[in-house]
Structures are given as structure tokens and as C-alpha cells.
Amino acid sequence: MNAKTSCYSHFLRVMRTCSYVLIAAIVLCCSTCVDAKDVKAAADAKPTMPVPKGFKLLYSQNFDHADALKGFQFTDAKAWRFSDKGNGAGSGAMELFGRSKYKTKVRSPFNLGMISGKKFGSFVLEVDLQQTGREYGHRDMCLFFGFTDVAKFYYTHIASTPDPHAHNVFLVNEKPRVAIAKIPKKGIKWGGEVWQKVRLERDAGKGDIKLFWNGNLIHHTNDKHFQAGHIGFGSFDDTGKVDNIRIWGKNVEDGGRQLFPKK
């Protein structure tokens, strides 16, 4: 091998080494970026109040893109849409903007958007809700849980004025919904297009159900009809937005099935 060939071979080895170093640096940089994002997501997922020992984050949804709605099943998908105005700069939301064309089996809410493929037993749910309808006594947003069938589930009705049919925890069990918590003296104030922090705690073993509104306990009851079931969001017959869903628990079950009749 002459000097010229030797020099050229050395040059190729150096360039090859530099390429490996460059690729490794790029990979490391990308890994660092992903890790930073994950760290931020984990920080954002911290509960506003402590969760039971052994609970971990099982589900999180920020609605950062329209495809997030593919992870839900609706009583009527045409009544829901992606909104680019969520709770926070650049954040999106899942918006219920119309009345669902859906006939209930028994008297119960019409507008449901349920998380697909997942069933939760005991859990802590935190979510940001915004009511976008007019002000009246039954102006509401709802959380659905323990959902095992279209006529078997629980839901919390969060409304302006309490009565036997509003602002309570309800049981739907093959007959029209029944309030199972004490009727409070007053309801809540949704305000204008303001985001509210709602927290729902469910101890399936003990049957305990607690609902918090911006950190304040507003409903507390006990019922053991349904254990593990699907979780969802919506309204009896109003409109609103959903953002920043967080669910903690010990485990989540595979619940992949069609929840509502296909249209």
C-alpha cells in the first residue's frame, strides 16, 4: 500500500468514526427530548390531592390532537368534535356541541363519550370540565362510571340547582335513574366559559363514591351495584368541553367491546 492509499484509508476510518459519533449524539439528543417530555407529562399528571397507596396513573388524555377522539365511543359521534380551545395555551379539548340522536333504554342521559377498551374498578379521576350552555336549574355536565351496559351504570350530574333529578349521584339499573346521594342544599356555579376542576373517587370494594368540585366535597354516597366498568363524560342534554383527563388506580381491565348500537 502506497502512502497515498494509506492516507486515504485513514481518512475513511476517521470519517466513519465521526459518523458513528454524530449518529450517537443525535440519538442521545432525541432520547433526552423524549425524556424531558415524559417528565413534564408526569409532572402535569400529579393529582391535586393524594391518591390511595398503591395507585398509579392508568390513563391520561390531554387532547393535544384531533385523533385523540378515536379513543372514545359515543352515543352519537356527530354531536362531538375536537376543539382547539382547551384548558391551557395550545391545548385542545373534546367538545360536546350538539344533542345526540340517541334513544335511551330507560330515562338517563343522552350524550355520552366513553373511554374505549378500558374498565376501571377502584379509581381516582380528575378532569377539567367547561359547561358551554345557557344558565338554568339543570345546566349540567356528567361523569359516567361503573358502566357495564347501556342501562346499567352510575353517573354524577353536576348542576346549578339540586332536586331529586339534578345535581346528585345517580344509579341507572334497568330502570329510570335514581338519586343515591343526599340532596344538597345548593348546587354549583359553572360561570361563563370557565374551566372547572372535578375529581371523582370510587372505592369499588367498599362502595364509596366521592365527588369534589374545585377541591370541595359536594357529593358522598355508598353503593355496590357495579364494580369494574367503563368511564366517560358528557351531559344529560346540554353542551360542554372535556380536557386533561387523569385516572389513577391499581389496575385496568381490557374492556374492548362495542358499548352503543352502531348507526
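Every number in this text was worked out from the coordinates using simple rules, so none of it is lab data. Predicted model only: the values in this text are computed from it and were never measured. Ideal geometry is used to build each Cβ from the backbone, glycine not excepted, and the neighbour counts take in all protein chains shown.
Things to note:
- Cut-off 12 Å (backbone N to label point 7 Å along Cα→Cβ of residue 227), residues of the stretch 121-150: 121-122
- Annotation: peptides 183-196, 100-113, 235-248, ranked by per-residue average of other Cβ atoms within 10 Å with the highest first, follow the order 235-248, 100-113, 183-196.
- Across the stretch 146-154, computed HN-Hα scalar couplings (Karplus, 6.51 cos²θ - 1.76 cosθ + 1.60, θ = phi - 60°) run x, 6, 10, 6, 4, 10, 9, 5, 10 Hz from first to last residue, x flagging Gly and Pro.
- Structure note, pairs 224/250; 152/189; 56/105; 101/224; 119/210: Cα-Cα distances above 27 angstrom occur for 152/189; 56/105; 101/224.
- Spin-label model, residue 220/residue 250: points 7 Å from Cα along the beta carbon direction are separated by 2.3 nm.
- Potential extension, residue 46-residue 186 segment - 0.36 nm per residue separation minus Cα distance: 47.4 nm
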